[in-house]
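Novice: Structure below; questions to follow.
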Amino acid sequence: MRKIKNPWVNKDHYDCFGCCPDNPIGVKMIFFEEDDDIVSFWKPSAHYQGWIDTLHGGIQSTLLDEICGWVVFRKLQTSGVTSKLEVRFHKPIMTTESTITLRAHLVWHRHNLANIEAKIFNEKGEVCTEANATYFTFAQDKAEQMGFTPCELEEEQMLF
C-alpha cells in the first residue's frame, strides 16, 4: 500500500472540505493505493455526529463521495464531478470508533462517465455503508485548465 500525494497542497485557494489538510472544519482525508483500490483510514469525531455517538449520514456520504473522486484522480488521471451518488446505510458507525476504513474502486469507465463502488468498514471490519457513484469525467485538457495536475504515489510503500 502506497500513500497518494495530494497534488493540491500549497495551491492558492485550495480548501477542500474532504481532503485539504489545512481546512479547520474539514475531514482531512488521506488516501492510499492498494492494487485496484483507493483506501482511506479516518478517525470519527463527536463533531460529526448525528445522533449521540453516531456518525452523521451526510458525513458518511461526504467521505464516500470524496474517496470516489480520488479514484478518478488517481486511476483515470483526470478530474470530474459527481453525477449521481447512491448510498446504502447498513449499520451505524459510532463516533467512538478508533478508525474506520474506506475502500473504493473503479467498476467501469466509458467515454466521459465512470462508475465507482465504495464502502465504509467499522473497526471490526464490518461493512456499514456502501455507495455507488457515477462521475462525469473531464477531458485531460479541461481538467488541466481547472488546475488538475498528475496524481502520483509517494516513493515508500506503507505497511499496515
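Novice: Please list 85-93, 54-62, 116-124 highest first by mean number of surrounding beta-carbon atoms within 10 Å per residue. Intermediate results must be reported in sequence, preceding the final value.
Specialist: Values: 85-93: 15.2, 54-62: 17.8, 116-124: 19.3.
Listed from highest to lowest mean packing, they are 116-124, 54-62, 85-93.
Novice: Using the alpha-carbon centroid of each, what span in Å lies between the range 90-128 and the range 23-47?
Specialist: Their Cα centres are 11 Å away from one another.
Novice: Determine the gain in length on full extension of the stretch Glu117-Phe41; use 0.36 nm per residue of separation and subtract their C-alpha separation, reporting nm with one decimal. Before the final figure, lay out the partial values.
Specialist: On the way: separation 76, 0.36 × 76 = 27.36 nm, distance 1.67 nm.
That pair, Glu117 and Phe41, stretches by 25.7 nm at full extension.
Novice: Cα-based Rg (one decimal) and Dmax (whole number) for the chain, in Å?
Specialist: My reading of the Cα-based Rg and Dmax gives 15.3, 46 Å.
Novice: Can you work out the FRET efficiency for the pair Lys84 and Asp141, with r the C-beta to C-beta distance and R0 = 25 Å, to the nearest 0.05? Before the final figure, lay out the partial values.
Specialist: Values: r = 25 Å, r/R0 = 0.99.
So the FRET efficiency works out to roughly 0.50.
Novice: Same structure again: By the gyration tensor of its Cα atoms, with a ≥ b ≥ c the square roots of the eigenvalues, what is the shape of the range 10-71: rounded for a/c under 1.5, prolate for a/b over b/c, or oblate? Intermediate values should be presented prior to the final figure.
Specialist: On the way: a/c = 2.19, a/b = 1.22, b/c = 1.79.
Note, shape of the range 10-71 comes out oblate.
All of the numbers you see were taken from the coordinates with simple rules; none came from a lab. Here the structure is a predicted model, which is why all the values come from computation and not from measurement. Note that each Cβ is placed from the backbone with ideal geometry, even for glycine, and that neighbours are counted across all protein chains shown.
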